[in-house]
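J.: Okay, handing you the structure first.
The values are calculated or read from the model by the stated rules, or taken from the named source; none is laboratory data. Given the structure is predicted, the values throughout are model-derived calculations rather than measurements. Counting neighbours? That spans all protein chains shown, and the Cβs are built from the backbone with ideal geometry, glycine included.
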């Protein structure tokens, strides 16, 4: 599709949906139209030409305000594009604007609503990016994940979301919150588009669509038991569909020392966030929301020895995980608690995503299923290889259909 | 010492030395005097009260311009203080200004000269910070190390320099170049001051001065053989002095797979820098120096598979290193090639620092010795524990004297 047509289609969706969905912190149709014209006139329009991009408002942009979802930074305009933004633009994607983020990519939500039902949260902290893609206002959108900020909103909004292996996409120009966890993630409505972004951002090879059914792991245990019936039903249905289509689904149990790290991710995040946001805490405590201030005060009191213990355990666990996952292409697990909560004052729990972010392994949300009231419920595939996980997501995504 | 007195003493040094040393990219005496007054009037002046701080101009500061040593960013004023700056200021350090950095903390030097002989390089990329501390224009100064940008200038300028374990100090608000390597480092004229900064920035406990002579490793092998006679003499003398004072000095040989990684650090740095600086490369190639442009073009062509191989090897080597270093408190090795080169167009080679940065382990430069022409030549202590390495540096630093 021509970039100009893609922008027109996205702008029609903005006209129709944005007043309720409120996905954009800043939207610049004129710039998008002008850039699209340049892309369409280019002799080398780039691999992402024809895709409209939304950028979570925690990535710096030189030509659009960047407020990090914080009252402290209203009207702030950085002096550069973050590396990920610059790479996507250089590849021909047309940036339509900045999408709403929870405050400093942490707890307190912005105004975005779930495109499938406006009284429900879109999830967070990449709220606007997931919602914009779900509502057709962008084809692809950048997010981040420090706990569950990409996979969870993707599940709630019914789009594909991907968090690559930690460290494979530069975080330069991203507002860092917890540097050992902060990972660039993104959203799309198809796996090929999701993968095209990965190829540009990481320089790695495209995934190879599966010609044979995959071997999938099924991670049983505590976490599944704590999900809503909707998420349990979704994962069971996904597994059944996979088997019906010839996949092997193999039970996998994580060693207790790996599983137990899940509950420690919050400690790492809080510890690092309190230190990374020292300036904001010191100079503008009054402009931080009370829940964020409380989180940072808690993080400031996490003891370095406890933090170091979790980091050491994580390095060990990451090596152990490769052994646990050795026999499968990807592992099926819960993406989010269930349907999006009917509450715009929260973004749902990242509990099903924390472990994978801490371990730095790739995770993808596969949409297609729905819960009891008809809202999207995704399933999460995790693994140790980005391309393998995406290939499984492509295979499974074509086969799961709304219940 | 009162903060006001410390600032006055630093300003006298600025008056006397700065016209030749040129350590400052921005120096604000009025602000420093005003802040020092507030510190001295405070009931809780903080653990770093009485210390004057220089900040490498790759750390964002809300009240001082931050140009990253780049023509692209002349006059740029960020909207916050980098986490490390905010933590040091909150602890009572008085920031006198921003110190000269090589262009974007990479190759092309700024105007700083070596305080010991102005025709010689101070080293880089933390040129101004090392020189400011050496010339008495600051008591402590923030730097960074991605290859050898803290330890090397510390050696050339004859001050203590410390690079802590990777990930222990937040890089939020630092201009990232190679995020998997970029480490906050710093300079001081004494080990207790060096350690006081560590306690504030990392929240870890102070080091305990040694009451018994340490067990030191001596890393023989290729790298020592490639150092100048001055550096070889310095390390031999340091080892002899240590033995004379009762230390055990034990030969350590690194496994070949660890040693060989040293030559791969440049590949990781180039790969990541080319991607992290995408915006600069895309929008302002004409404002990058030719050597930097060349480095980034080279880095852009490093293949992801090769990069991934080095990263995987590094994780394995880091685990192996702990075994190699198990029997000693710290390991004595070369800090820099020798005396500072008599060339202001280069900053010397980081070859003796690359491996330790890649492995993310602590390193300290111990000053006190000199080379054939009387310029400083440091020795480097590395290890696996920040406090242990600093304790050894304190012990050794009191015992080595100029040859």
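J.: Inside the stretch A:236-284, counting only helices (runs of 4 or more DSSP H) that do not spill past its ends, which hold 2 or more residues that are within 14 Å of chain B (Cβ to nearest Cβ), surrounded by 17 or more Cβ atoms within 10 Å (Cβ to Cβ) and out of contact with any strand residue (DSSP E or B) (no Cβ under 9 Å at 6 or more places or on another chain)?
T.: Details: elements: A:256-259, A:265-276, A:278-283.
Per the criteria, A:265-276, A:278-283.
J.: Identify, please: which residue in the stretch A:166-176 is surrounded by fewer than 24 Cβ atoms within 10 Å (Cβ to Cβ) and facing chain B (nearest Cβ under 9 Å) and is, among those, farthest from residue B:308 (Cα to Cα)?
T.: Only one residue fits best here, namely A:171.
J.: Among the residues of the stretch A:81-98, are any part of a loop (DSSP other than H, G, I, E, B) and farther than 20 Å from residue A:185 by Cβ?
T.: The answer is yes; a qualifying residue exists.
J.: So residue A:370 fits all but one of (1) surrounded by 24 or more Cβ atoms within 10 Å (Cβ to Cβ); (2) in contact with a strand residue (DSSP E or B) (Cβ under 7 Å, 6 or more places away or on another chain); what number is the exception?
T.: Condition not satisfied by residue A:370: (1).
J.: Here is a further query. Please go through the stretch A:20-47 and pick out each residue that is within 20 Å of residue A:63 (Cα to Cα) and in contact with a helix residue (DSSP H, G or I) (Cβ under 8 Å, 6 or more places away or on another chain).
T.: Initial filter on the stretch A:20-47 (within 20 Å of residue A:63 (Cα to Cα)): A:23-39.
Those that are within 20 Å of residue A:63 (Cα to Cα) and in contact with a helix residue (DSSP H, G or I) (Cβ under 8 Å, 6 or more places away or on another chain): A:23, A:24, A:25, A:27, A:29, A:32, A:33, A:35, A:36, A:37, A:39.
J.: Right, here's the next one. Among (1) within 13 Å of chain B (Cβ to nearest Cβ); (2) closer than 28 Å to residue A:285 by Cβ; (3) surrounded by fewer than 24 Cβ atoms within 10 Å (Cβ to Cβ), where does residue A:91 come up short?
T.: Single failed check for residue A:91: (2).
J.: Which one of the conditions (1) within 14 Å of chain A (Cβ to nearest Cβ); (2) surrounded by 24 or more Cβ atoms within 10 Å (Cβ to Cβ); (3) farther than 19 Å from residue A:308 by Cα does residue B:179 fail to meet, given that it meets all the rest?
T.: Among (1) within 14 Å of chain A (Cβ to nearest Cβ); (2) surrounded by 24 or more Cβ atoms within 10 Å (Cβ to Cβ); (3) farther than 19 Å from residue A:308 by Cα, residue B:179 violates only (2).
J.: Say whether the condition of being more than 14 Å from every other protein chain (Cβ to nearest Cβ), outside any loop (DSSP other than H, G, I, E, B) and under 18 Å from the mean Cα position of the chain (by Cα) is met by at least one residue in the stretch A:54-72.
T.: yes
J.: Being on the phi < 0 side of the Ramachandran plot, without any contact (Cβ under 8 Å) to a residue 24 or more places away in the chain and not assigned by TED's automatic domain parsing to the domain that holds residue A:119: is that true of residue A:226 here? Talk me through it step by step, then tell me what you get.
T.: Numbers: on the phi < 0 side of the Ramachandran plot: yes; without any contact (Cβ under 8 Å) to a residue 24 or more places away in the chain: no; not assigned by TED's automatic domain parsing to the domain that holds residue A:119: yes.
Spelling it out, it is not the case that residue A:226 is on the phi < 0 side of the Ramachandran plot, without any contact (Cβ under 8 Å) to a residue 24 or more places away in the chain and not assigned by TED's automatic domain parsing to the domain that holds residue A:119.
J.: Out of the stretch B:182-206, which residues are away from chain A (no Cβ under 14 Å) and assigned to a loop (DSSP other than H, G, I, E, B)? So that I can check it myself, show each step before the final result.
T.: Taking the stretch B:182-206 and keeping what is away from chain A (no Cβ under 14 Å), we get B:185-197.
Across the stretch B:182-206, the qualifying residues are B:189, B:190.
J.: Here is a list of conditions, (1) closer than 22 Å to residue B:371 by Cβ; (2) out of contact with any helix residue (DSSP H, G or I) (no Cβ under 7 Å at 6 or more places or on another chain); (3) crowded, with 16+ Cβ neighbours inside 10 Å, and residue B:343 meets all of them except one; can you say which number that is?
T.: (3)
J.: Any residue that is closer than 22 Å to residue A:367 by Cβ and within 21 Å of the chain's Cα centre (by Cα) - is there at least one of those in the stretch A:202-210?
T.: yes
J.: Does residue B:309 qualify as being part of a loop (DSSP other than H, G, I, E, B) and out of contact with any helix residue (DSSP H, G or I) (no Cβ under 7 Å at 6 or more places or on another chain)?
T.: no
J.: Now for a different question. Can you pull out the residues in the stretch B:66-96 that are free of Cβ contacts under 8 Å to residues at least 60 places away in the same chain and over 27 Å from residue B:203 (Cα atoms)?
T.: If the condition is that a residue be free of Cβ contacts under 8 Å to residues at least 60 places away in the same chain and over 27 Å from residue B:203 (Cα atoms), then B:67, B:69, B:73, B:74, B:75, B:76, B:77 are the ones that fit.
J.: Of B:110, B:148, B:124, which residue is over 27 Å from residue B:314 (Cβ atoms), in a loop (DSSP other than H, G, I, E, B) and more than 14 Å from chain A (Cβ to nearest Cβ)? Lay out the reasoning, then the answer.
T.: Values: B:148 fails: over 27 Å from residue B:314 (Cβ atoms); B:124 fails: over 27 Å from residue B:314 (Cβ atoms).
On inspection, the qualifying residue turns out to be B:110.
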